[in-house]
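The values are calculated or read from the model by the stated rules, or taken from the named source; none is laboratory data. Please read these numbers as outputs of a predicted model, since none were measured by experiment. As a convention, Cβ positions derive from the backbone with ideal geometry for all residues, glycine included, and neighbour counts pool all protein chains shown.
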Amino acid sequence: MVTDPDKMLGLAYASSAMRPVLKAVLLLDEALGQVVAGTREPMIGRIRLAWWRERLEALSQGEAAPDEPVLKMVQAQLSSQQIAALGALVDGWEVLLDDPLERAALQSYAMARATGISGVMPSEPLTRALRFWALADFGFRCSEPRIAAEAFALASEIAPEISLPALPRPFRVLVGLALHDVHQKAPRRHAEGPRRLARALRFAVLPPR
């Protein structure tokens, strides 16, 4: 089950055809993020991520998924080409194991994570928007103020280039909420209850461009 509240809101506005595909990708994204968040030794983290990378490569070549729920869902919902694109998602999360984590590494992380997620429905506007979202998402989760500030600064550079109406509806919600939070310059996301639900709805009903 997807646990991130904003991802859940985005999924709520996905079409019936898109929802299972997007859910599989977002579940994988969360699983990889948990690997990184739970890693104290970078080498151990890299070994664990390598396992996911190898399994995804095997799935893209037609091998059966191991007894792992997320990978089984990925295989059931995505094409071989889409699964192959998810290798970039693993690469993005792996960058966060770098020490020290500098500006260039954050840029590489954002590009790889965005490319991996947008690989299920490739488009330049979506990849650009997801670069912003990846940086904002990391900034809100990062416990190091300096690194978080750098992530938000990079996200703010991309923000003016984002066109929400050009995005598929679930990503309008996901990216739109992140844009709002970054513009508020808050140290963390706000759980606004009904207000956030209403804001998500406004983003979802933006006319497509």
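Could you give me the residue pairs with C-beta distances under 9 Å whose first residue belongs to the stretch 20-33 and is in contact (Cβ under 8 Å) with a residue 12 or more places away in the chain, whose second residue is aromatic (Phe, Trp, Tyr) wherever it lies, and which are 6+ apart or on separate chains?
LEU22/PHE171; LEU28/TRP52; ASP29/TRP93; ALA31/TRP52; LEU32/TRP52; LEU32/TRP93; GLY33/TRP93
Go through GLN81, GLN75 for me and flag whichever is touching a Ser or Thr at 6+ places or on another chain (Cβ under 9 Å), closer than 17 Å to GLY116 by Cα and assigned to a helix (DSSP H, G or I).
GLN81
If you take the residues of the stretch 109-126 that are polar (S, T, N, Q) and assigned to a helix (DSSP H, G or I), which of them is surrounded by the fewest Cβ atoms within 10 Å (Cβ to Cβ)?
Result: THR115.
Within the group PRO207, PRO165, which residue is in contact with a helix residue (DSSP H, G or I) (Cβ under 9 Å, 6 or more places away or on another chain), more than 26 Å from LEU96 (Cα to Cα), free of Cβ contacts under 8 Å to residues at least 60 places away in the same chain and assigned to a loop (DSSP other than H, G, I, E, B)?
PRO207
Every residue in the stretch 36-53 that is exposed (fewer than 14 other Cβ atoms within 10 Å of the Cβ) and more than 20 Å from the chain's Cα centre (by Cα), please.
ARG40, GLU41, MET43, ILE44, ILE47
Please state which one of GLN77, GLN61 is in contact with a Pro (Cβ under 6 Å, 6 or more places away or on another chain), more than 30 Å from PRO100 (Cα to Cα) and without any contact (Cβ under 8 Å) to a residue 60 or more places away in the chain.
Only one candidate passes the filter, namely GLN77.
Based on what the data block shows, is LEU106 out of contact with any Ser or Thr (no Cβ under 7 Å at 6 or more places or on another chain), within 18 Å of VAL35 (Cβ to Cβ), in a helix (DSSP H, G or I) and modelled with pLDDT of 95 or more?
no
Could you please give the count of residues in the stretch 1-31 that are of a type outside the set (Phe, Trp, Tyr), closer than 19 Å to ALA204 by Cβ and not in a helix (DSSP H, G or I)?
7
Is there a residue being of a type in the set (Lys, Arg), assigned to a helix (DSSP H, G or I) and at pLDDT below 95 anywhere in the stretch 185-197?
yes
Can you pull out every residue in the stretch 95-149 that is of a type in the set (S, T, N, Q) and either closer than 15 Å to VAL175 by Cα or in contact with a helix residue (DSSP H, G or I) (Cβ under 9 Å, 6 or more places away or on another chain) (or both)?
Across the stretch 95-149, the qualifying residues are GLN107, SER108, THR115, SER118, SER123, THR127.
Tell me the residue from ASP6, ASP67 that is surrounded by 20 or more Cβ atoms within 10 Å (Cβ to Cβ) and among the acidic types (Asp, Glu), please.
Just a single option satisfies the conditions, and that option is ASP6.
Kindly indicate the residue of the stretch 84-103 that is buried (at least 16 other Cβ atoms within 10 Å of the Cβ) and part of a loop (DSSP other than H, G, I, E, B) and also farthest from the chain's Cα centre (by Cα) among those meeting that condition.
LEU101
Only residues that are within 23 Å of SER80 (Cβ to Cβ) and among the charged types (D, E, K, R): list them for the stretch 6-38, please.
Correct list: ARG19, LYS23, ASP29, GLU30.
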